[in-house]
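> Quick one: structure below, then a few questions.
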Amino acid sequence: MKWLRDELAAMLFALQMLSIVPIPAALEFTARRQASSVGYYPLAGAVIGLVAASVYALAHLLFPAPTGIPVLLSMLAGALVTGAFHEDGLADTIDGLGGADADTSLAIMRDSRIGTYGAAALLLALAIKAATLLALPAAALAAILFAAHAISRCSAVLVVASSRYADLEADAKPTARGIGPAGLCKALAVSAAVVAFSLVAIPQAAMLGGLAGLALGHVSSRLLYERRLGGYTGDCLGATQQCSELGFYLGLLAAW
């Protein structure tokens, strides 16, 4: 029973970390549970994706799809439920790349203000995301949103599993401690289950294209920051999640 309580707590901590959803105040906090929560990031992503998909499905009943309103409302729901956590990470990462060296880049990324590079990158990413979702089949968009939010969080977990944390001033974060084989297996298992479930609405060929696009987004984002920083930060994980999600949508559209 203790194992089950620990795993449930880790799931809730993952949801708390990646969203604004409150968790019970009585839930006992331990460093072990917090560290274990990283493996459940894709599950938290699935919950976020379910919110975005539900908003899209409801809006699709109320507003004509060609207007783009259902897509925009689903994007708004995703940003609201996460507090635009990952979008902020993308903007901060791109701003940080303007630094002359790793220390300067990290200092820029810790600054809460958004710069020109970050604002431009964020606006372009949101515009491309909206345009891509509008071009995909409306009947499959709920499943697409559900899958994208889950597996793009797994993409971020893969960075934690295969790289090092670069910002020593923030080493208290759970992602700074890395992830063990058991946590990585949880993340991969959840993601595989989400992909399998989504195949009910997404053709296999399109899904393969989407996963290829996600992989390209994953690699591309890491090429942006790993050489400069010698690793990753929390903001970099947000950038990887956003690039992977966008790559998934683009890959789906290219292969559909």
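The values are calculated or read from the model by the stated rules, or taken from the named source; none is laboratory data. Given the structure is predicted, the values throughout are model-derived calculations rather than measurements. Counting neighbours? That spans all protein chains shown, and the Cβs are built from the backbone with ideal geometry, glycine included.
> Being in a helix (DSSP H, G or I), of a type in the set (A, V, I, L, M, F, W, C) and modelled with pLDDT under 95: is that true of Leu158 here? Reasoning before the result, please.
On the way: in a helix (DSSP H, G or I): yes; of a type in the set (A, V, I, L, M, F, W, C): yes; modelled with pLDDT under 95: no.
No.
> Can you name every one of the helices (runs of 4 or more DSSP H) wholly within segment 28-130 that holds 2 or more residues which are farther than 14 Å from Leu141 by Cβ and free of Cβ contacts under 8 Å to residues at least 24 places away in the same chain?
69-82, 102-110
> I want to confirm something. Restricting to segment 40-71 and keeping residues that are of a type outside the set (Gly, Ala, Ser) and under 15 Å from Thr82 (Cα atoms), which single residue is surrounded by the fewest Cβ atoms within 10 Å (Cβ to Cβ)?
Initially, segment 40-71 is screened for residues of a type outside the set (Gly, Ala, Ser), giving 40-43, 47-48, 50-51, 55-56, 58, 60-64, 66-67, 69-71.
Still in the running and under 15 Å from Thr82 (Cα atoms): 41-43, 47-48, 50-51, 55.
Details: Tyr41: 31, Pro42: 28, Leu43: 25, Val47: 18, Ile48: 27, Leu50: 16, Val51: 21, Val55: 21.
Of everything passing the filter in segment 40-71, Leu50 is surrounded by the fewest Cβ atoms within 10 Å (Cβ to Cβ).
> Mind counting the residues in segment 86-101 that are crowded, with 17+ Cβ neighbours inside 10 Å and over 20 Å from Ser155 (Cα atoms)?
3
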